[in-house]
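See below for the structure under consideration.
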Amino acid sequence: YDIDYSEFYIQSNGLLNFAEEEITLTNYQIPLVDTYNNLIAWFWDDLDPGDNPDSDTYVKYENIDYNGNIALLVSFINYHEYSGSGTGKLTAQVILENNGNITINYQSFEGDIIMTESTVGIENADGTDGLQYEYNQNLLEAEMSLKFYHPIPLDNDLMAINIGGPNAVTE
């Protein structure tokens, strides 16, 4: 949303945000003007990376060259759902390019992860604009990628398309 940031925050419940605030485990629709704004919801749900019985949960980040752009890659590896709500885990990546594009890659969903209680999307700093891919639906699948483009030529708004997986959009 045309604002440069030098810091980001990893929330335990499937979010990245750009303000130092804890965001609730209860997911909401995007956009919503409330206290939870300025975020990327890659799988906003009741997650618990500390619930790590196999000692295999990791969060890693690094700067990379991505399609000729400088980008921040954040990987969530074997990220567990809160044990009170489900027993599954997922592996995903968020890629933030310096041109404003955001890609979310979903590698796997394992176990009995609840797929109908999450929000996926992006929202600006004051909650007045955002783009929601899903809210409490089952639109995600393993080996799928979503890309939020900015800007697009139509009306300089943001757009998301499924760029990978069986239900991918092709041109």
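The values are calculated or read from the model by the stated rules, or taken from the named source; none is laboratory data. Just so we're clear, the structure is a prediction, and the values are computed from it rather than from any experiment. Ideal geometry is used to build each Cβ from the backbone, glycine not excepted, and the neighbour counts take in all protein chains shown. Accessible surface is based on the protein model in full, side chains and every heavy atom, while ligands, DNA and RNA are left aside. Shrake-Rupley method; radii C 1.70, N 1.55, O 1.52, S 1.80 Å.
Determine the shape class of the stretch 88-127: with a ≥ b ≥ c the square roots of the Cα gyration tensor eigenvalues, call it rounded for a/c under 1.5, and otherwise prolate if a/b is greater than b/c, oblate otherwise. Since a/c reaches 1.5 but b/c is at least a/b, the shape of the stretch 88-127 is classed as oblate. Based on protein heavy atoms only, the chain ends up with 51 Å² per residue of surface accessible to a 1.4 Å probe.
What does the C-alpha gyration tensor say about the overall shape of the stretch 1-95? Classify as rounded when a/c is under 1.5, otherwise prolate if a/b is larger than b/c, or oblate. Oblate shape, in that a/c is at least 1.5 and b/c is the bigger or equal ratio. Applying 0.36 nm per residue to the separation of Thr116 and Thr26 and subtracting their alpha-carbon distance, the gain on full extension is 31.1 nm. Relative to the Cα centre, what is the charge dipole magnitude of the chain, using +1 at the beta carbon of each Lys and Arg, -1 at the beta carbon of each Asp and Glu, and rounding to the nearest 20 debye? Here the size comes out at about 340 debye.
Once R0 is set to 25 Å, what does the formula 1/(1 + (r/R0)^6) return for the Cβ-Cβ distance between Ser108 and Glu7, expressed as a FRET efficiency to the nearest 0.05? After rounding, the FRET efficiency stands at 0.30. Expressed as a whole percent, the accessible surface of the stretch 1-147 that belongs to carbon and sulfur atoms is 44, based on a 1.4 Å probe. Evaluating 6.51 cos²θ - 1.76 cosθ + 1.60 at θ = phi - 60° for every residue in the stretch 4-12, the Karplus couplings come out as 8, 10, 10, 9, 9, 10, 9, 8, 5 Hz, glycine and proline recorded as x. Between Ile104, Ile70, Ile95, the Gaussian network model of the chain with springs among Cα atoms under 10 angstrom shows the greatest mean-square fluctuation at Ile70.
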